[in-house]
Amino acid sequence: MDPLKWLAKQRQHGNLRSLRPLVRPVMGSPHLAGSQRPLIDCSSNDYLALSSHPLVIATSRQFLEEHGAGSGAARLMSGDLALHHQLEEAIARFKGQEAAVLFGSGYMANTGVIPALMGRHDVIFSDKLNHASIVDGCVLSGARIVRFRHNDMEHLAQLLSEKRGNGQALIVVESLYSMDGDKVPLLQLVQLKEKYNCLLLVDEAHATGIFGATGAGLVEEAGVTDQVDLVMGTFGKALGSYGAYVAASQVWIDFLLNRARSFIYSTSLPPAVIGASLGALQVVAENPDLGHTLLARAAFFKNALASCNLKMESSTQIMPLVVGESDAAVALAAKLGEAGFFVTAVRPPTVPENTARLRFSVTLHQSEDDLASLAKHVAALV
């Protein structure tokens with residue numbers, strides 16, 4: 001591949017990516033590096049604003065000072081620290097599972113777990129809009145991949161009846177889709193999983209901390225904790241830290257410790273990150289209404305858009321405005337940037353062709369005044 005030709009083609013189609021470094025102080029507004037102009041961040045996944053919560057920062061600082069900057073090795077060498085087990089036990093309780101194991105990131109979790117579970121004699125049923133990390137995990141497994149239409153349980157049922165076969169089968173979905181803001185129909189999914197004797201892996205990256213009675217996610221909210229075999233999630237979104245986990249039965253966790261290559265061959269998470277994640281779980285446990293507060297703020301933004309004759313279908317904190325052409329999405333994002341809103345244009349291949357969009361993330365960093373102003377600016381530009 002000629003990199004110059006490839007980059008030129010991406011530029012021609014409006015899909016060339018570049019980095020825009022932000023300065024994000026704990027106190028005060030973010031701004032672009034080299035500028036002091038304050039911005040309202042509308043693209044962050046820090047939904048509950050926990051990355052700047054005093055307890056999260058204090059716990060992270062404490063762990064840094066007591067345990068040092070790094071873990072020193074992979075977990076199966078000498079990098080298995082007692083504090084890793086402390087966080088795994090906490091996340092397992094939070095998710096209502098027997099055990100959990102930590103990964104370096106959500107990408108590392110999905111690309112490690114799926115190949116550990118499945119092989120070339122197996123079949124994976126994967127939602128067509130699953131995250132790239134799930135797609136790559138499926139490919140790395142070597143298993144047969146059967147993709148079903150997004151959130152279409154009738155199509156999944158048809159494919160299961162035709163292609164399930166006699167070997168091991170896995171259904172993998174996200175509980176909340178990050179580019180569309182819609183939820184998977186978990187009750188129907190569990191029924192199909194049980195009818196066709198499949199394993200079920202649910203990625204709760206964008207639901208953890210927000211949904212459910214304790215904030216454990218949409219699996220908790222749907223009441224299907226005991227029917228989901230493995231629950232994956234991240235600490236880097238609503239929990240404001242970094243890293244990821246898989247929660248499941250002790251047998252599955254023991255299996256992954258011995259099979260997931262992205263776990264076995266990676267240096268373990270550093271103490272400061274573990275401390276931040278433990279602090280975030282404590283904040284969520286002590287403030288179970290945080291998710292409700294966030295969703296109420298998202299509903300306020302949705303209503304503000306509706307009052308400007310812009311209808312959003314999403315019932316979550318993620319609200320996409322599909323523009324279509326990449327160049328048009330980039331131009332709209334730039335105009336909103338001039339008005340003081342940091343919004344990222346999401347373009348192919350992250351989303352399908354001709355569905356480039358602005359993905360608005362509602363977070364507790366934003367006030368209702370911020371969201372009302374954003375709605376008015378968006379309405380004036382589209």
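No lab work stands behind these numbers, since they all come straight from the coordinates. Not measured: the values here are computed from a predicted model. Glycine gets a Cβ as well: all are built from the backbone with ideal geometry, and neighbour counts include every protein chain shown.
See the values below:
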{"item": "Alpha-carbon centroid distance for the pair the range 154-232 / the range 90-143, whole angstrom", "result": "12"}
{"item": "Value at 222 nm in deg cm²/dmol, rounded to 500, when DSSP H runs of n ≥ 4 in the chain each add -39,500 (n - 2.57)", "result": "-13000 deg cm²/dmol"}
{"item": "For L186, L239, L381, order by how many other beta-carbon atoms lie within 10 Å, fewest first", "result": "L381, L186, L239"}
{"item": "Charge dipole magnitude, Cβ of K and R +1, D and E -1 - the chain, Cα centre, debye nearest 20", "result": "1140"}
{"item": "Relative contact order for the range 54-286, counting Cα pairs under 8 Å that sit 6 or more residues apart, in percent", "result": "32"}
{"item": "Of the GluC sites (Glu not before Pro) in the range 42-105, those whose Cβ has at most 16 other Cβ within 10 Å and which sit in DSSP loop", "result": "E98"}
{"item": "The range 54-286: C-alpha pair distances exceeding 33 Å, %", "result": "14"}
{"item": "For the chain, built as a Gaussian network whose Cα springs stay under 10 Å, the top-fluctuating residue of L336, L48, L294", "result": "L336"}
{"item": "Residue with peak Gaussian network fluctuation, the chain [Cα springs, cutoff 10 Å], from G291, G167, G324", "result": "G167"}
{"item": "Sorted by Cβ density within 10 Å, fewest first, the residues M77, M179, M27", "result": "M27, M77, M179"}
{"item": "DSSP H segments from the chain that extend 30 Å or more along their own axis, Cα-based, with Kyte-Doolittle mean of 0.5 or above", "result": "none"}
{"item": "Rounded FRET efficiency, nearest 0.05, which uses the C-beta distance separating E65 from A213 and R0 of 30 Å", "result": "0.30"}
{"item": "Per-selection Kirkwood Rh - the range 242-382 (Cα, Å, 1 d.p.)", "result": "18.1"}
{"item": "Proxy reagent accessibility, fewest Cβ within 10 Å first, across T225, T293, T234", "result": "T293, T225, T234"}
{"item": "Net dipole in debye of the range 231-304 [+1 Lys, Arg Cβ; -1 Asp, Glu Cβ; about Cα centre; nearest 20]", "result": "280"}
{"item": "Given charges at Cβ of Lys, Arg, Asp, Glu: the range 54-286 dipole, positive-most of H206, N130, V101", "result": "N130"}
{"item": "Sparse-neighbourhood loop sites, trypsin sites (Lys or Arg not before Pro) in the range 114-178 - DSSP loop, at most 14 other Cβ within 10 angstrom", "result": "R120, K128, R149"}
{"item": "Mean Cα-pair separation over length for the range 1-126, i.e. relative contact order, pairs under 8 Å, 6 or more apart, %", "result": "7"}
{"item": "P(r) of the range 1-140 over all Cα-Cα pairs, binned every 10 Å from zero, in whole percent", "result": "8, 20, 31, 28, 13, 1"}
